[in-house]
Amino acid sequence: MEFQQQLLALLRKPQLPDYALLASPKAIELYPAMLALLLAQAKERFAAILAISEENINFANTVEAYLNQDEDLNALFTFLNNLNATDSTDTLRHIIADFQPQIIAYGNEVSMHPEYYRRIKSVLAQKTSKTAAQTRAMQLIIRGMEFAGVHLTGAKKSRLEAINTTLGALGEDFASHVLDDRKRFAFHFSDATSLADVPAEDLAMAKAEAKKRKQKGHTFTLSPPSYLAIMKYCADAAVRKKFWLANARVASRGKYDNRPLILQILQLRAEKAQLLGKQNYAEYVLTERMAKNSQVVLDTLQDFVDKALPKAKAELKELTTFAQVKQLKLWDAAYFAEKLLQQKFSIDEKELKPYFELESVLQGMFAIYAKLFSIRFEEIKTPSYAEDVRSFVVWSGDKKIAYYILDPFARPQKRGGAWCNDLRPRRLLADGSHQLPIAINVTNFAKTSPSLLTHRDVETLFHEFGHALHLILGENEYSNLSGFHTEWDFVELPSQLLENWTWEAEGLAFFAKHHKTGKPIPPAMINNLNASRTFMKGSFLLRQNEFGFLDFLLHTAPPPREIAELDEQCLAIANTYSITKKPRSYKMYASFSHIFGGGYAAGYYSYLWAEILEAQVFARFRQGGVLNADIGHEYRQKILAPGASQDGLALFTDFVGEMPSPAALLHKMGISETN
């Protein structure tokens, strides 16, 4: 019991918790009991809110208390989910699988509680003075409860609760299957002849992987840096084909086959939408999005397809001619694109990477936004849950405002991709001070010595840091007003915006320095890099819209009933919105974690939507200076600081001064505005 209290104290301490202790085997043994205790406490607090006499209810005891009643439970469960994503074990999976249904059931209870819904509406209607933040916090709770189905009763309510629980479990299983199936594939090279063009740091990573498996030579896997090294640089087309097919089939066969799960997920989502009075799941989701209705999304995606198609076709023709083949194979595209990039723009990723050493990029990134947003990052030595995880205190002037954590390197037990998590939200405390938020960025960079990044890796780091800044620089008083509670098609704006500084000479000057000589990246290399910015962008946009359509059409059409029908439907969508036809073995959707194991269902289009927004926002920076601190301050105050205190469109138009338009994005991608 004493150690359990120690762990609870760690979660509640105002400083950064000792995550090493929280992730220790001794602590993990206690978490099932601790979660049960914290859930019971949350239920008691919610019951206490409902027990307050009608004449005594007010914002503090009915709304603020509601927002904080499950804070300890959320802190622990969020940490465990993040730990399972970064260092998954069977024990963690079992804890989450066992407890998640209870968490979801409690979420259903509070979000669909008619008496609480009546009480919060009563507080909102009170004639007592309320701040704008208090009013907005209540409006979002009410809107969220209506979105959750608070008006349902009887059998419909019970069925929705059951659906929510099942969907939560299916999403966890989906993500675990992707992770486990990726780990099954490895390719060993005893002869390095076909690896002559692979960058030295990638070879070192593959050599270390082989050694770990007690092999000589080099072993490559489906982890993102390893897979990309093969697809871009391996001279053996047969090997590239093996990797491409393996990656395209992840979680689509055997015991990790996700397709039966997808059938269930789609059917349950459709049923959920109908229970809530919507025609389909996309219509349900869009009630809380900027886009508002399905036709707007479909028109936006189709418009970009129409505009990108001529450029994409020209790019494919050029690449096919360059490869000297009649028809370019899917597994050859990245390989020849890399070689064409080198020829056209004198850009060789192997020559670029020495200028993008991780530590230099990280410190340069901090320096850029220190200048723009008047903040600074101070590294602190504190134990964490895994080796190489780094922690920082964030200061604004002489005021400590947040903590930032970076977990940069790929590990076999870490899920692929990159993300930002809110380990602790900012909120107003009883003494008038604010709880400091904890933002974590997780990436999957190759761990090499030195740790050299591709330019795309640099973009990824800046992208996720944009999410982190949305949390760090929020000035919300209540947890549901943080940046992560903005509309889902607005939340990618701050992240995608920051990618722009990785292309600008003024931004590159902060970090693009040769890791051996310290010399800055040559101006000619910067010019070539920027000249290449529109390279293959028609194909890229078409590919993104293929994913967007796949997601959106799956959530607007009647759900398939059989795996064969699902396969046909997904292949048809992929080949409708792609100029390179996919084979029947293509099962990319079986590992599409964004929409089946994450929060992007009927919302993958939001990446494109947010790119439209960020292109207009960055146009203001380019006009006034990409390092203009005055514009940076205005952006901080008008976009980041408000969090979800206003609708995204209001924040956007206040800063940009006009409505969203695709013109700036099309220009940036080198795509004509006319078809």
Regarding Ile639, is this residue open to solvent by less than 50 Å² (accessible area, probe 1.4 Å) and out of contact with any Lys or Arg (no Cβ under 9 Å at 6 or more places or on another chain)? yes
Does Pro523 satisfy the criteria of being in contact with a strand residue (DSSP E or B) (Cβ under 6 Å, 6 or more places away or on another chain), over 28 Å from Ala333 (Cα atoms), open to solvent by 40 Å² or more (accessible area, probe 1.4 Å) and not polar (S, T, N, Q)? no
I need the full set of residues from region 139-159 which are in a loop (DSSP other than H, G, I, E, B), open to solvent by 20 Å² or more (accessible area, probe 1.4 Å) and not hydroxyl-bearing (Ser, Thr, Tyr), in order please. His151, Leu152
Helices (runs of 4 or more DSSP H) wholly in region 513-594 with at least 2 residues that are closer than 25 Å to Gln264 by Cα - which ones? 537-554, 563-576
Give me the pairs, please: first residue somewhere in region 572-589 and touching a residue at least 12 places away in the same chain (Cβ under 8 Å) and surrounded by 18 or more Cβ atoms within 10 Å (Cβ to Cβ), second residue anywhere and part of a loop (DSSP other than H, G, I, E, B) and not polar (S, T, N, Q), beta-carbon distance under 7 Å, and either six or more positions apart or on two chains. Ala574/Lys582; Ala574/Tyr586; Lys587/Arg249
Only one of (1) hydrophobic (A, V, I, L, M, F, W, C); (2) open to solvent by 40 Å² or more (accessible area, probe 1.4 Å); (3) at pLDDT below 95 is not met by Ala40, so which one is it? (3)
Quick check, is Ala248 buried (at least 18 other Cβ atoms within 10 Å of the Cβ), touching a residue at least 12 places away in the same chain (Cβ under 8 Å) and among the hydrophobic types (A, V, I, L, M, F, W, C)? yes
Within region 584-598, can one find any residue that is of a type outside the set (D, E, K, R) and touching a strand residue (DSSP E or B) at 6+ places or on another chain (Cβ under 9 Å)? yes
Filter pass, Ala564 being open to solvent by 40 Å² or more (accessible area, probe 1.4 Å), more than 30 Å from Ser346 (Cα to Cα) and among the aliphatic types (A, V, I, L, M): yes
Looking only at region 662-675, count every residue that is under 24 Å from the mean Cα position of the chain (by Cα) and either in contact (Cβ under 8 Å) with a residue 60 or more places away in the chain or assigned to a loop (DSSP other than H, G, I, E, B) (or both) and tell me the total. 4
Quick one: Pro114 ticks every box in (1) open to solvent by 40 Å² or more (accessible area, probe 1.4 Å); (2) touching a residue at least 60 places away in the same chain (Cβ under 8 Å); (3) within 22 Å of Glu288 (Cα to Cα) except a single one, so which number is it? (2)
Would you mention how many residues in region 529-545 are polar (S, T, N, Q), open to solvent by 30 Å² or more (accessible area, probe 1.4 Å) and either in contact (Cβ under 8 Å) with a residue 60 or more places away in the chain or touching a strand residue (DSSP E or B) at 6+ places or on another chain (Cβ under 9 Å) (or both)? 3
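Can you tell me which residue within region 250-274, out of those that are in a helix (DSSP H, G or I) and among the polar types (S, T, N, Q), is farthest from Asp173 (Cα to Cα)?
So in region 250-274, the residues in a helix (DSSP H, G or I) come out as 254-256, 259-274.
Those still in the list that are among the polar types (S, T, N, Q) too: 264, 267, 274.
Values: Gln264: 12, Gln267: 16, Gln274: 25 Å.
Here the answer is Gln274.
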Could you grab me the full set of residues in region 177-193 that are without any contact (Cβ under 8 Å) to a residue 60 or more places away in the chain and surrounded by 14 or more Cβ atoms within 10 Å (Cβ to Cβ)? Ala186, Phe187, His188, Phe189
Got a number for residues in region 196-232 being open to solvent by 20 Å² or more (accessible area, probe 1.4 Å), in contact (Cβ under 8 Å) with a residue 24 or more places away in the chain, under 23 Å from Ala418 (Cβ atoms) and in contact with a Ser or Thr (Cβ under 7 Å, 6 or more places away or on another chain)? 3
Expected output for region 270-287 (first residue farther than 15 Å from Ala557 by Cβ, partner hydrophobic (A, V, I, L, M, F, W, C) and not in a helix (DSSP H, G or I), Cβ below 7 Å, 6+ apart or cross-chain) is Leu275/Leu152
Collect the residues in region 277-316 that are of a type in the set (D, E, K, R) and under 25 Å from Gln646 (Cα atoms), keeping them in residue-number order. Glu283, Glu288, Arg289, Lys292
If a residue has to be more than 16 Å from Glu492 (Cβ to Cβ) and assigned to a helix (DSSP H, G or I) to count, how many in region 424-476 make the cut? 5
Quick one: is Glu504 surrounded by fewer than 22 Cβ atoms within 10 Å (Cβ to Cβ), touching a residue at least 12 places away in the same chain (Cβ under 8 Å), more than 24 Å from Met669 (Cβ to Cβ) and more than 18 Å from the chain's Cα centre (by Cα)? no
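The values are calculated or read from the model by the stated rules, or taken from the named source; none is laboratory data. Computed from a predicted model, the values in this text were never measured in an experiment. Here Cβ is always computed from backbone atoms with ideal geometry, including for glycine, and neighbour counts include all displayed protein chains. Please note that ligands, DNA and RNA were not included when accessible areas were found on the heavy atoms of the full protein model with its side chains. Shrake-Rupley method; radii C 1.70, N 1.55, O 1.52, S 1.80 Å.
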